[in-house]
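See structure below.
The values are calculated or read from the model by the stated rules, or taken from the named source; none is laboratory data. This one's a predicted model, so the numbers in the text were calculated from it and none came from an experiment. We place every Cβ from the backbone using ideal geometry, glycine too, and count neighbours over all the protein chains shown.
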Amino acid sequence: MGHRRRAGRRIPQEQGDERLMHLLALNNGDERAGLPSASEWTRLLECRASYLLSRQAHALGQVAHQWSPAADLGTKKHLASTEGPEILSEAERADWETVQRKREEFIKEWLGNSQESFSSIKEERLWLRRGIRPLLTGKPDEILKAGNRAAVLDQKYGSYRVTDPAENVQLSIYALLVSREDDAIEEITVQILSPHFDFQPFTYTRAELDHLYQSVQIVINSLSDPGEPAPGAHCRFCPARLICPAARNEAENATLAKVVELPLGEGAAKLLTQIRRANALFKEIEAFYKRLLERETAAIPGWILEPGAVRRSIENPIAVFERLVETLSVSEFLTCCTPSVPDLERVWAKKKGLPATKAKEQFSRFMDGLISEKRNAPSLKAL
């Protein structure tokens, strides 16, 4: 095995690579310092190679999934918990307030009849260590502590339902990190707070988390020699997708030039899955080059960023009506407006003092005959 010489002693090649990527991560401002994190643990269980590939992607400046409007909005809503809801718009604040209400409901149920006080720690990065060496990191949205119990709260603002707390790998790692930081903790409850979905909390015992610690160490020990990358559903948010040889090979195999005859049965399922991931890879490549042209307009010969079409919208309908009140009647003005059912439902529920979980059903009953429903055309979805 190759070695590097430093300060008079021999360092194994893989350890030297690991230290180099660790330094690169620090220089790039990565607060995780290039270490495995709770948010990527599900992917690491499926593809160990994605760890080193992701670090290489950062070093090359070819990282997939660097930014999206949804991620940016989610970050903004998370910041509101520490900086205050004033940074949010009215619509954004509605989701945030729903999450805060669910937080209060959880705390009340978690404490039960106990009158003991509890502490709250928000957005604090935790580290799993072997001796003084950090191995794994994570940054829960909030940690609650009361006596020998703790709770981890994770806010999810996305419109898709994430894995329930009992099977949620990211939350299990958060619980593990909390347990290793405080030996006095005997049980940790994990819960997801979402404005769109309801979840049942799950509680880990100290014994369960100690067992998880042993499993986590096995995975960490395998990251320096992970084998070949394996494509799968875990590729969806992998930062290394742009440089991953397995992703490229799968995209190449999914091209129609290699499909002599459209298969049926299991072959059809495999081909559709490959096409979905290939299309996602192509979109990531386009997004990468778009960001490149935003920085350097002449970076790609024969290609430019074409300005998008200008879309006109009305941000303040009340002010618009006041401007038009002498020209249009109320009914004439309303014929030009399309009210948002979710917005009306939210305002109505707030006036009625109804929880978000009951708002939709009761609002639909109240508006019986006035709301039309149209279902979108069906789309292909893997089970």
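Observations, loosely collected:
- Answer from Arg312, Arg295, Arg323, Arg276 - the residue that is out of contact with any Cys (no Cβ under 9 Å at 6 or more places or on another chain), more than 30 Å from Thr98 (Cβ to Cβ), assigned by TED's automatic domain parsing to the domain that holds Ala247 and of a type outside the set (S, T, N, Q): Arg276
- Residue pairs meeting the criteria (Cβ under 9 Å; at least 6 apart or on separate chains; first under 18 Å from Ser89 (Cα atoms), in the range 52-74; second basic (Lys, Arg) and modelled with pLDDT of 75 or more): Gly74/Lys156
- Selected residue (only one of Leu264, Leu305 is in contact with an Asp or Glu (Cβ under 8 Å, 6 or more places away or on another chain) and not in a helix (DSSP H, G or I)): Leu305
- Odd one out for Asp164, checked against (1) under 20 Å from Pro355 (Cα atoms); (2) surrounded by 14 or more Cβ atoms within 10 Å (Cβ to Cβ): (1)
- Only listed residue being outside any helix (DSSP H, G or I) and either touching a residue at least 12 places away in the same chain (Cβ under 8 Å) or surrounded by 16 or more Cβ atoms within 10 Å (Cβ to Cβ) (or both), chosen from Ile107, Ile121: Ile121
- Residues that are at pLDDT below 90 and over 19 Å from Lys283 (Cβ atoms) number at least 1 in the following helices (runs of 4 or more DSSP H) confined to the range 39-87: 49-60, 69-83.
- Flag for Ser120 being within 20 Å of Pro85 (Cβ to Cβ), over 22 Å from the mean Cα position of the chain (by Cα) and not assigned by TED's automatic domain parsing to the domain that holds Leu44: yes
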